[in-house]
Structures are given as C-alpha cells and as structure tokens.
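Below is one structure, written out as structure tokens, with a few remarks after it.
The values are calculated or read from the model by the stated rules, or taken from the named source; none is laboratory data. If you're wondering where the values come from, they're calculated on a predicted model, not measured in any experiment. Reconstructed Cβ throughout: ideal geometry from the backbone, glycine too, with neighbour counts over all protein chains shown. When the accessible area is computed, the model is the full protein with side chains, heavy atoms only, and any ligands, DNA or RNA have been set aside. Shrake-Rupley method; radii C 1.70, N 1.55, O 1.52, S 1.80 Å.
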Amino acid sequence: MDRYDPLKIEQKWQKIWAETKAFKAGPIDAKTASGDPKPKKYLAEMFPYPSGAGLHVGHVRNFTIVDVLTRFYTQQELNVLRPFGYDTFGLPAENYAIKTGISPQEATKTNIANFRKQAQKLGYAIDWDREINTSDPEYYKWTQWCFLQLYKAGLAYQKESYQWWCPVDKTVLANEQVENGHCWRCGHEVEKKKMKQWFFKITAYADELLDSLDECDWPEKIKTMQKNWIGRSEGATVRFDVEGRPDSIEVFTTRPDTIFGATFLVLAPEHPLLGDLVNDDTREKVESYCADALKKSEIERQENKEKTGVFTGSYAINPATGAKMPIWVSDYVLMGYGTGAIMAVPAHDERDFEFAEKFELPIIEVVEKPENSDDAERCYHGEGELVNSGQFNGTRSEDAREQIVAWLEERGVGEKKVTYKMRDWLISRQRYWGCPIPVAYDKDGNVHPIPEDQLPVMHPEVKDYQPDDTGRSPLAKAEEWLKVTLKDENGNDIECTRETDTLDGYACSSWYLWRYTSPHDTEAAWDPEAIKYWAPTDVYVGGDHAVAHLLYVRFWCKFFADQGYLPFREPIKKLLYNGYINAPDGKKMSKSKGNVIDPLEVIESGYGADTLRTYEMFIGPYDQDAAWNTEAIGGVYRFLNRCWNLCFDDALREKAGTSSTISIRHRVIKKVTDDIHRCSFNTAVAALMEYVNELYKVGHSRDDIIALAKLLKPFAPHLASEMLEKLGNDDIWPEWDEKYLVADEVELVVQVNGKLRGRVMVGVDLLEDEEKLKELAMAEENVQRFIANKEIRKVIVPKGAKLVNIVVA
RNA sequence: GCCCGGUUGGCGGAAUUGGUAUACGCGUUCGACUUAAAAUCGAAUGGAGAAAUCCAUAUGAGUUCAAGUCUCAUACCGGGCACCA
C-alpha cells in the first residue's frame with residue numbers, strides 16, 4: 001500500500017482541475033435533469049489586496065469557508081458561481097514603487113501571479129475564467145462609468161471644506177478610514193486641511209441604509225456597527241434671534257422639551273457667523289481661540305476633555321422664554337454635525353453642565369428628576385415632568401417634545417429635523433495608484449465629465465510617484481496627459497485640464513460583486529441577464545470592513561437599483577464575518593514580532609493543503625478569533641491519514657463486514673449536512689473524526705468509505721478525490737434516511753429529583769408508552785434505593801427526551 | 001462613559017428546542033509493536049473518594065420536576081463608538 005503523500009496527490013488533482021476547468025460556473029440558462037431552471041448559488045470572499053508577502057493563514061481561513069460551501073453546493077448539483085479577484089489599487093504598491101522604482105503596474109502583476117499560484121496550491125474551487133483586477137483598465141473603465149452615473153444623478157459633487165489629511169501618505173481620507181484620529185494605512189495622526197474635494201452623497205440613502213438592514217442575514221454585531229455609524233437621531237432645529245442684529249442662529253437639538261432650560265448658545269470654532277458676532281473687545285480673543293482649535297489635532301481635542309471656550313460678545317433670545325442668552329464659542333461643538341451650533345441646557349446635559357460650571361453660566365432645571373432616581377447624578381438627563389416651562393409645566397418630557405416643536409413651528413422659529421452622524425463619502429485621493437477620476441476643468445474651473453466613449457481615462461506614465469504637500473497628486477506632473485479637448489453642447493472645442501486626483505479604492509470594490517457575473521463584458525459594467533440570474537450574492541465571507549466597504553456596496557446597490565441597472569436593493573444576502581487567526585502566543589501575527597505562520601510553509605513541510613484547510617475549519621467557530629496551535633494541526637493530519645488508510649490499507653479493509661454500520665453512516669451524513677448548513681464547520685469535522693474512529697473499531701463496508709470521502713471532500717478535496725477515484729464513485733452529496741437513524745433499543749435516563757440515578761435500555765417501540773417507561777424507570781435497581789419509602793410526588797416523561805424524572809419528597 | 005459580545009477540564013473547544021455537562025482535537029499517563037526511537041495501534045484522563053456518592057460550566061441570587069442554556073445583580077476579558085447636542 002502507498003502511504004498518504006499529500007503533496008503528490010494534491011499536485012495531481014490541481015493539475016486535473018486546472019486542465020478541465022472543473023469549477024467553471026454553468027450557463028445562466030442551465031437546466032436540471034427534469035428541465036427546470038437550475039437553482040444557483042453565488043458565493044464570494046472579500047477579494048484580497050495582493051501584497052508582496054503572499055497569502056497568510058487569515059486568507060486561508062476566509063477562502064476555505066467559501067470553498068467548503070462552494071464544494072458542498074456543487075456536490076449538491078446546484079449551479080455555483082465562485083469567482084476570484086484582486087483589489088489592487090492602493091498605497092502599499094505605490095509606496096513600494098517610491099522605494100524601489102518598480103512601477104505599481106509591474107509590482108501588481110508580480111503579486112497577482114504569486115497570489116494565484118498560492119490559491120491554486122490550496123485547491124480552491126475557483127472559476128478562474130472570471131478573475132478580475134481593479135487596476136486593469138478593462139475593469140476601471142467601468143469604475144469610471146459608475147462615477148459618471150453618480151455624477152449625472154447629482155450624487156457625485158465637489159465641496160470645499162476641512163478634510164482629514166494624512167501628512168505621511170499625503171492624501172485626504174474618508175471618515176471611515178480614520179481610526180481613532182489615525183490614518184488606517186500608516187497609523188500616523190491625521191490633520192484637518194481645507195480642500196476642494198469630490199464626494200459621493202451616501203447620506204441621500206441614510207434612511208434606507210438603516211431600515212433595510214433588517215432584511216440582511218448578517219451578524220448583529222455588524223448591523224449594530226452600521227446603525228451606530230449612520231447614527232440617525234430625531235430632534236428639531238430651532239432658530240435663535242441675535243440681539244441687535246438681523247441674523248438668527250440655527251441649532252439642532254434632540255431635546256426640544258428642555259428649551260425653557262436653554263441658558264446660552266455654543267458655536268463651533270468653524271462656524272461661519274462668528275465673524276459677525278464679535279465686537280472690538282472680543283474679536284481678538286475669539287479669533288485666537290478659533291485659530292488654536294483648528295491647529296489642534298483631533299487627538300489633542302479628544303485627549304483634553306476639559307471644556308474651553310470664549311464669549312463672543314453677542315446675545316441671543318430664547319424663543320420660548322424671551323430670555324437673553326450669551327453666545328459662546330467652544331471646540332466641544334462640532335461643525336460637521338447638526339448645524340454646528342447648540343442650545344446649551346446645563347441642567348440636563350453633562351457637557352453643557354460642565355461648561356456652565358466652569359464659566360459660571362446660569363443653570364435652570366426644567367425636567368423634574370423622579371424621586372427614585374440616582375441622587376449622585378449631578379445633571380439629570382432622563383425623562384420626567386416639566387417644571388419652569390410656562391404652559392408646559394406638568395407635561396411629561398416625552399410628550400412635551402412633540403408639543404413644543406409644534407408650538408415652535410406655529411411661530412415659525414423651528415421645525416422637526418432628523419440628523420445623521422454619517423457624512424458624505426469623500427472619494428478624492430492625492431495619489432497616483434488609484435482609478436483616475438474621469439472629469440476635466442475648463443479655464444474657468446467648470447467641471448466637464450469625460451464622455452463615456454472616451455473611457456477609460458488611463459494613468460499617464462510618470463517617473464516620480466512621490467506625492468508632495470501641494471495637495472495635488474503625482475498625476476499633476478504629467479503635463480501632456482493633463483491637456484484634453486472636450487466638446488460643448490454645440491460641438492465647439494473646449495480646452496480642459498484633467499482632474500489629477502484618483503478615486504478612493506473603496507469605489508473600485510463597491511461594484512466588483514456584479515462584475516463577476518459577466519467579467520469580460522465590453523458593452524456594460526455588468527450584463528443585465530447575468531446579474532438577474534446570479535446576483536445578489538448569496539454568501540459573502542470576510543473579516544474586515546464592517547462600516548466602510550460593507551456600507552458602500554449597499555449604497556451603490558441602492559443607487560444602481562434606482563437607475564434601473566440592478567433588480568435588487570441589497571447586494572449581500574448572507575454575510576459571514578470570520579474571526580482572525582492569531583499567533584500561537586495569542587497575539588496578532590506580525591512580521592516585526594516574528595510570530596507569523598506562513599501557510600505555504602505549513603503545506604510544504606509535508607502536511608499538505610488538505611490538512612491546512614481542514615485544520616483551519618476545525619480550529620474553532622468560524623466567527624471567533626483563534627490562536628494557531630502548532631501541535632493541534634498534527635491531530636488533523638493523523639485524522640486524514642486514518643481516512644487514507646481506511647480506503648487504501650488492505651489490512652483494514654479486511655475488517656469490512658464485521659459489523660453493521662448503516663446507522664452510524666446515516667447519522668454522520670445528517671450531522672455533517674446540518675452542520676455545514678449552519679456554518680458549524682468545526683463540529684462537522686469533529687463528526688467526521690468520530691465516524692472514522694468508530695469505523696476503526698467496528699469495521700466498515702465500501703459504502704461507509706464512499707460516504708466518508710463525499711462528506712470529507714469540501715474540507716479535504718484532494719484526498720477525497722483520490723479516495724473516490726479508487727472507489728470508482730461520483731462525488732454527489734449523500735442523503736440520509738430517517739429510518740436508519742433510530743436504533744432498536746435506546747438508553748433511557750432515569751433521574752430522581754433531577755439527578756442522574758440510573759439507565760435502562762428500552763425498546764424503541766416503548767418510547768410512546770409513558771406508563772411503561774415510568775414502570776421500567778422505577779424498577780431500576782439503583783433508582784429503587786432513592787425512591788424506596790419516599791412519597792412520589794410526580795413522574796415526568798418529557799416528549800422525545802428519552803428521560804424520566806421522578807420527583808420524591 | 002455608552003452600545004454589543006464573551007467567561008465550560010492542563011489547553012482549543014462541544015452541548016442546535018431548558019432534558020445524560022465536558023463530543024472532537026491537543027497535551028499527559030500507561031500498554032502493544034521495536035534492539036531502540038519515531039511513526040502507528042489500543043487504553044485511561046474534570047476534582048475529591050476504597051466505594052457508594054459528593055462537588056464542578058466566572059461569582060451570588062431567582063424561575064423550573066429539571067438551568068452551561070431563561071431572569072436579575074456583581075466581577076473579569078474582548079470588540080465597537082466616543083464631546084454627535
């Protein structure tokens with residue numbers, strides 16, 4: 001007998017799969033044997049950024065989950081689409097180019113080739129004819145087309161404002177790319193810089209993005225994160241007249257019920273009206289305060305939570321009370337949220353309270369604290385009856401909210417308003433290695449979109465990829481490329497200069513799931529027929545981008561549905577968010593710590609891809625983090641060896657027929673099928689191990705081994721293929737028959753007062769006979785010891801539990 | 001601070017609907033094979049106890065015939081958000 005030699009058989013099957021294009025998705029009009037349209041499954045992982053370091057064990061976990069499901073559904077004879085691609089635009093390739101002089105195009109090509117080779121070594125069931133790459137002009141031509149559709153619909157627009165700027169990467173960043181005040185790529189502290197930039201109006205879909213989360217079969221954790229990110233809050237805007245001036249200041253509040261307690265206003269340092277509110281005494285102080293606030297990094301603003309601020313010199317009038325309210329400026333009010341101005345109610349808001357205490361401003365209680373509430377609380381922000389609130393005294397604060405807004409509306413000084421924390425998506429990047437934004441500007445600075453028939457706008461060749469502090473990307477150095485002649489509506493030439501910024505990489509990944517359905521279409525971004533059949537994606541697997549990518553795809557989906565390009569409004573039916581694999585020491589793997597496990601090394605050390613794949617599925621629940629265990633992987637290798645021996649070792653085969661295994665076979669078929677359906681991959685592998693252990697003990701038939709190979713195939717496809725070849729069998733997913741799952745006799749558990757006291761074997765036919773079960777249970781020897789001479793209060797026989805509980809006094 | 005998760009043997013974890021806690025794997029121990037070792041195969045393995053049995057799912061209460069699972073409180077660990085008015 002040959003020994004199990006994973007490297008040999010894996011090479012053999014990978015070659016066969018590549019040559020036969022074994023995982024090519026079926027046509028969209030595929031039919032079943034009975035002539036009905038063939039049901040489809042569309043599965044994908046979050047496509048990787050192909051770094052120079054190659055695949056890591058995290059990729060392997062992510063891709064293997066998709067692979068197990070892909071092979072499972074394929075074996076069930078569904079029409080399965082499982083494509084693969086590369087998210088190739090981005091900073092690492094560009095920084096590499098700066099360092100080495102190797103162009104991003106070159107480096108990307110090399111890295112893709114490496115990733116492809118590695119993915120093939122893992123035996124993934126990928127339809128390789130559908131490979132895509134976001135930096136391929138054939139792909140980004142259509143990214144630019146998407147941009148133009150958003151532009152035409154008014155959802156791509158330019159705005160000059162303060163933006164997050166990373167001084168190291170020398171580019172602006174979206175809110176979603178700033179983590180705790182630091183750049184998500186290089187980790188450097190970000191700054192605010194006033195620039196004119198392109199945005200996508202994701203806020204236009206804020207409500208739908210929030211509401212339709214309910215339809216998504218996604219982890220609650222991710223849905224909650226998205227809900228918090230969108231941050232919808234209902235309240236009102238109220239206008240406060242400025243004393244002695246024609247201006248009024250608009251504020252946003254979620255607590256209009258507390259307006260009688262508003263004793264001062266606070267404006268953000270960036271507020272445009274500030275200049276008008278200062279007088280000769282205060283001008284200098286306010287200006288220097290604002291200048292300081294703008295200079296401070298967001299980190300500094302957050303670290304120092306002690307309230308600071310300056311009085312502007314002006315007063316506003318409270319529209320509810322008519323009282324005079326000083327207007328202050330402070331950096332605890334943010335320009336980007338609401339109106340950039342607040343009415344301060346120190347009696348009922350922690351931050352306003354702190355501010356009022358520090359600057360000795362009046363505090364007026366307007367909501368009565370219930371008697372049973374916590375006394376330690378210095379300012380009460382719960383609900384209660386209104387006091388000091390004129391005609392609203394005695395009203396519950398919950399009810400007063402509506403009533404007071406209605407009253408303000410009547411008087412024309414306020415109205416209901418909903419605000420969101422989510423801002424529009426900033427998409428300009430001052431970098432070379434991104435998708436060029438397909439617009440140009442005439443000499444007056446007017447925007448002219450590049451006509452669709454002139455796409456793609458390709459990258460110019462440049463020698464120097466180094467960005468600088470000018471706020472213009474390296475594309476600005478390609479003088480010839482910059483010039484473009486466009487036509488106006490009368491057909492006259494307009495001399496224009498191209499946009500030099502590139503698109504945020506997240507734009508490229510916002511539509512790739514649809515491109516996969518017709519990846520080589522030269523007429524459209526995606527083929528309407530293909531999209532109708534394949535999309536939306538049935539299962540999408542990844543472990544990152546909870547609020548960035550996963551929000552952006554949903555936004556684009558809704559937009560293109562509105563434009564008539566997509567027949568659905570949610571792009572991903574089921575999302576599996578997998579956990580990380582940490583180093584054996586439990587810490588994050590990182591090059592600098594030297595604790596990185598290289599999957600290719602694991603394979604080539606002799607374990608092979610099947611062991612690696614199966615181990616990563618067995619390591620724990622897919623959605624939890626796990627630590628690599630260099631010894632435990634040996635257990636999985638031993639298991640696959642035992643599978644091999646069952647099939648190829650003649651000595652073991654002789655044990656066949658010594659026992660009937662039909663019941664355990666049907667039980668494992670059911671268990672593994674159920675477990676894969678509920679994505680409990682670790683217990684599916686455990687069930688297979690248990691099955692093999694049993695077969696070793698009691699012997700086995702040929703059918704037992706066929707079932708084993710079929711059930712094993714999603715996890716260890718090479719080994720399973722080798723086994724099925726030897727057995728001369730297909731790989732169609734086995735079915736179980738309920739009638740084999742019930743044994744003739746079952747063990748009845750007997751409890752006395754809930755404690756296990758005895759076991760009785762009873763015939764299956766007796767399970768329905770409650771009286772007989774009670775009788776048998778009470779007759780058991782050990783049970784007798786516990787119930788003799790005791791009053792029996794109750795005997796419980798739960799349905800289907802194979803258990804009797806005797807309750808005695 | 002607020003919002004989510006989580007806490008089960010020496011370790012990773014299982015227990016899907018409230019019904020036999022600790023499946024499966026690692027590690028450890030013993031045995032077989034071997035001159036020996038590795039590999040492989042077999043057995044044992046929550047704690048205490050000679051045994052009957054008792055005690056164990058972070059801690060404390062509660063509901064129930066029955067709780068790892070449900071309820072309340074506390075502690076600890078992880079994640080997300082964080083001056084969002």
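Just a few scattered comments:
- Fraction of accessible area attributable to carbon and sulfur, region A:336-481 (%, probe 1.4 Å): 45 percent
- Against chain A, whose longest principal axis comes from its Cα atoms, helix A:608-618 is set at around 70 degrees.
- Listed residue (A:Pro167, A:Leu210, A:Gln177) projecting farthest to the positive dipole end of region A:142-220, Cβ model: A:Pro167
- Largest accessible area first, the listed residues A:Ile706, A:Ile363 line up as A:Ile363, A:Ile706 when surface is computed with a 1.4 Å probe on the assembled protein chains.
- Per-residue ellipticity at 222 nm, computed for chain A from helices alone with -39500 (n - 2.57) per DSSP H run of at least four residues, works out to -10500 deg cm²/dmol.
- Once all protein chains are placed together, A:Asp217 keeps about 80 Å² accessible to a 1.4 angstrom probe.
- Shown is the FRET efficiency for A:Thr522 and A:Arg3, computed with R0 = 41 Å from the Cβ-Cβ distance and rounded to the nearest 0.05: 0.20.
- Sparsely packed chymotrypsin sites (Phe, Trp or Tyr not before Pro) within region A:185-262, loop by DSSP, other Cβ within 10 Å at most 13: none
- Database remark: amide H of A:Ala30 closer than 5 angstrom to the amide H of A:Lys38 (H placed geometrically; neighbours at sequence offset of 5 or more, or on other chains; Pro and chain starts carry no H).
- Rg/Rg_ref, region A:700-741, where Rg_ref = 2.2 N^0.38 Å and atoms are Cα: 1.16
- Chain A: angle of helix A:91-100 to the longest principal axis, Cα-based, in degrees nearest 10: 90 degrees
- Rounded to the nearest 10 Å², the accessible area of A:Ile132 at probe 1.4 Å: 10 Å²
- Averaging the sequence gap over all C-alpha pairs within less than 8 Å and six or more residues apart, then dividing by the number of residues, gives region A:221-265 a relative contact order of 30 percent.
- Derived scalar couplings between HN and Hα for region A:151-157 equal 5, 4, 7, x, 9, 10, 9 Hz in order, rounded to whole Hz, by the Karplus curve 6.51 cos²θ - 1.76 cosθ + 1.60 (θ = phi - 60°), x for Gly and Pro.
- Of all accessible heavy-atom area on region A:16-142, the percent that carbon and sulfur account for (1.4 Å): 54 percent
- Rolling a 1.4 Å probe across the protein heavy atoms gives chain A an accessible surface of 45 Å² per residue.
- With a Förster radius of 41 Å applied to the beta-carbon distance between A:Ser34 and A:Lys799, the computed FRET efficiency rounds to 0.60.
- Computed from the Cβ-Cβ distance with R0 of 30 Å, the FRET efficiency linking A:Lys421 to A:Ala153 stands at 0.80.
- Note: relative contact order over region A:212-366, using C-alpha pairs below 8 Å and six or more positions apart, is 29 percent.
- Among A:Val345, A:Asn393, A:Pro326 the positive-end extreme of the charge dipole of region A:318-404 (Cβ point charges): A:Pro326
- Each residue, A:Glu479 and A:Arg245, gets one label point 7 Å from its Cα in the Cβ direction; the gap between the two is 4.9 nm.
- For region A:2-110, convex hull of alpha carbons as volume per residue, Å³: 164 Å³
- Histogram of C-alpha separations across chain A, 20 Å bin width, %: 13, 34, 31, 18, 4, 0
- Cα-based shape type of region A:650-776, given that a ≥ b ≥ c are square roots of the gyration tensor eigenvalues and the cut on a/c is 1.5: prolate
- The trypsin sites (Lys or Arg not before Pro) of region A:434-514 that meet both conditions, a loop assignment by DSSP and at most 14 other Cβ atoms within 10 Å of the site Cβ, are A:Lys443, A:Lys463, A:Arg472.
- Under 5 Å, built H, 5+ apart or other chain: amide partners of A:Gly338: A:Tyr420
- Selected from A:Thr502, A:Thr661, A:Thr254, residue furthest toward positive end of dipole (chain A; charges at beta carbon): A:Thr661
- On Cα atoms only, tilt of A:350-359 relative to the major axis of chain A in degrees: 30 degrees
- Extension gain for A:Lys21 to A:Asp468 (0.36 nm times residue separation, less C-alpha to C-alpha distance): 156.2 nm.
- Compared with the direct C-alpha span, the chain from A:Glu452 to A:Leu766 gains 105.4 nm at full extension, assuming 0.36 nm per residue.
- Chain A: relative contact order as a whole-number percent, Cα under 8 Å and 6+ apart: 14 percent
- Accessible-area order (highest first, 1.4 angstrom probe) of the listed residues A:Ile98, A:Ile531: A:Ile98, A:Ile531
- Spin-label model, A:Glu398/A:Ala743: points 7 Å from Cα along the beta carbon direction are separated by 5.6 nm.
- Long-range amide H partners of A:Ser314 with built H, under 5 Å: A:Ile327
- Counting only Cβ charges, +1 for Lys and Arg and -1 for Asp and Glu, the dipole size of chain A around its Cα centre is about 2200 debye.
- Cleavage-rule hits, GluC sites (Glu not before Pro), region A:463-521, DSSP coil, Cβ neighbours within 10 Å at most 15: A:Glu489
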